[in-house]
Amino acid sequence: MPRFSVNSDILQIQAFNNEVYQAAVAIWSYKRKVLGLTLRCEIRTNNFPLLVDHISREAAYFANRLKELNEGKLAPQPDTIIQENLFFLKIMADHAKFIGHLLDPSEQKLEQAADYNQD
């Protein structure tokens, strides 16, 4: 039966989280660069600028959560919970916008379901 060392396991998890954190930061940096180039018309892309911004915001959020995890901040504070809910509401609204623009106009029921302006 294998033996586990809590300290060794924690260090391995923190090392892995650090590696993933660095990758998420690199994705954020790359997407911000692409967004800037797109907005200045220095490159052309088939992606909406909002989609590129959206992906960068998700990467930044994920990187921040990994950093907090490694710092031992597991329980969010009340203000953070509100900010996190607002962040995800905006992210989900973006998803609805993207889906709505990709649907075939004949799919009226799907368009209505994706309509983010409905009450």
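Structure notes:
- For the chain, the dipole from Cβ point charges (+1 on Lys and Arg, -1 on Asp and Glu) about the Cα centre works out to 460 debye, to the nearest 20.
- FRET efficiency for GLU111 and LEU39, using Cβ-Cβ distance with R0 set to 41 Å, rounded to 0.05: 0.90
- For the chain, no complete DSSP H run has alpha carbons reaching 27 Å or more along its own long axis together with a mean Kyte-Doolittle score of 1.6 or higher.
- On the beta carbon distance between ARG65 and ILE99, with R0 = 30 Å, the FRET formula returns roughly 0.75.
- Order of LYS109, LYS73 under a 10 Å beta carbon neighbour criterion, fewest first: LYS109, LYS73
- Exposure proxy order (Cβ contacts within 10 Å, fewest to most) of ASP94, ASP79: ASP79, ASP94
- Dipole of region 1-74 [Lys/Arg +1, Asp/Glu -1 at C-beta], most positive-end residue of PHE48, ASN64, SER29: PHE48
- Calculated FRET efficiency for the pair TYR30/LEU74, C-beta based, R₀ 22 Å, to 0.05: 0.15
- The calculated 222 nm mean residue ellipticity attributable to helices in the chain amounts to -26000 deg cm²/dmol, summing -39500 (n - 2.57) over DSSP H runs of n ≥ 4 and dividing by all residues.
The numbers here are math on the coordinates, done by the rules we state, and not lab data. The model shown is predicted, which means the values in this text are computed figures rather than measured ones. Note that we place each Cβ from the backbone using ideal geometry, even for glycine, and neighbour counts take in every protein chain shown.
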